[in-house]
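Working notes, structure below.
The values are calculated or read from the model by the stated rules, or taken from the named source; none is laboratory data. Please read all numbers here as calculations on a predicted model, not as lab measurements. Neighbour counts run over all protein chains shown; Cβ positions are idealised from the backbone, glycine included.
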Amino acid sequence: MDEENERAKRDFINAFHDYAEERIKFLQQLFSDGHQDEAMTLCLSYIDSFSQWLEWPSDKAGQNFVKAVVNFGKDSFMTLVHPLQAIRTFNRMKPCWKVIATHISGVFIGPYYELIEGNEFMSRLSTHLPDGERIKVESELWRTTVAGIAYFGMRNFAIHKFGATPLTFSNTTYQGHPVSGLDFHRLYKVVSNLHSELRHRSETTGQWFGNDEIVDS
């Protein structure tokens, strides 16, 4: 009986993932039919859901979104730090962060900004930080990434303000070249890759998303 139950469970999990793939593929049809905003909103919603399962048991929704996209989205562009995002983000946080934002604006001077790897960003910034501030900034670095922009600038608007439109990066380069923005096609690849990781975990463990406690919690 246990073997039969286990087989039934695997069949049910596989059926879930098959249906998830159908729903993801439908986003392309929705986009092609002229419903771009709706396709993007659903895409961001799916990324959000998948991220919470991938980063379980963490309950930090925004950080989970960004970490999952960075770790499993298979898009190196999403991992890059945007200095202007860092400045704006830290200026919106508690007063102690405004000093850090000022340091960043002194190191990375606009209005033109270059996307940068996280390690290089911290290396260039560290000599301008007060003692003990490096670890503090590193813990919040996820907020400064392109994936962070997708969360704060797109996901939150899509869910809370009834709007999801592509984002462009004016005055922004990477390795000296203009960068593409965040659009449906980029997000679609990310959501597909996140689901692939979830399916892989399910298939290799026989448990929901790699751990049955995720759906029981």
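Count of segment 121-137 residues, restricted to those that are among the hydroxyl-bearing types (Ser, Thr, Tyr) and within 15 Å of residue 106 (Cβ to Cβ), is 2.
Taking (1) among the polar types (S, T, N, Q); (2) out of contact with any Lys or Arg (no Cβ under 7 Å at 6 or more places or on another chain); (3) assigned to a helix (DSSP H, G or I) in turn, residue 193 satisfies each apart from (2).
Would you be able to say whether some residue in segment 23-44 is modelled with pLDDT of 95 or more, within 11 Å of the chain's Cα centre (by Cα) and in a helix (DSSP H, G or I)? Among the residues of segment 23-44, at least one is modelled with pLDDT of 95 or more, within 11 Å of the chain's Cα centre (by Cα) and in a helix (DSSP H, G or I), which makes the answer yes. The selection criterion, being assigned by TED's automatic domain parsing to the domain that holds residue 200 and aromatic (Phe, Trp, Tyr), does not hold for residue 97.
The set of residues from segment 128-171 being in contact with a helix residue (DSSP H, G or I) (Cβ under 7 Å, 6 or more places away or on another chain) and among the hydroxyl-bearing types (Ser, Thr, Tyr) comprises 144, 145, 151, 165.
With the condition kept exactly as written, say whether any residue in segment 158-172 is touching a Pro at 6+ places or on another chain (Cβ under 6 Å) and assigned by TED's automatic domain parsing to the domain that holds residue 53. Yes, segment 158-172 has at least one match.
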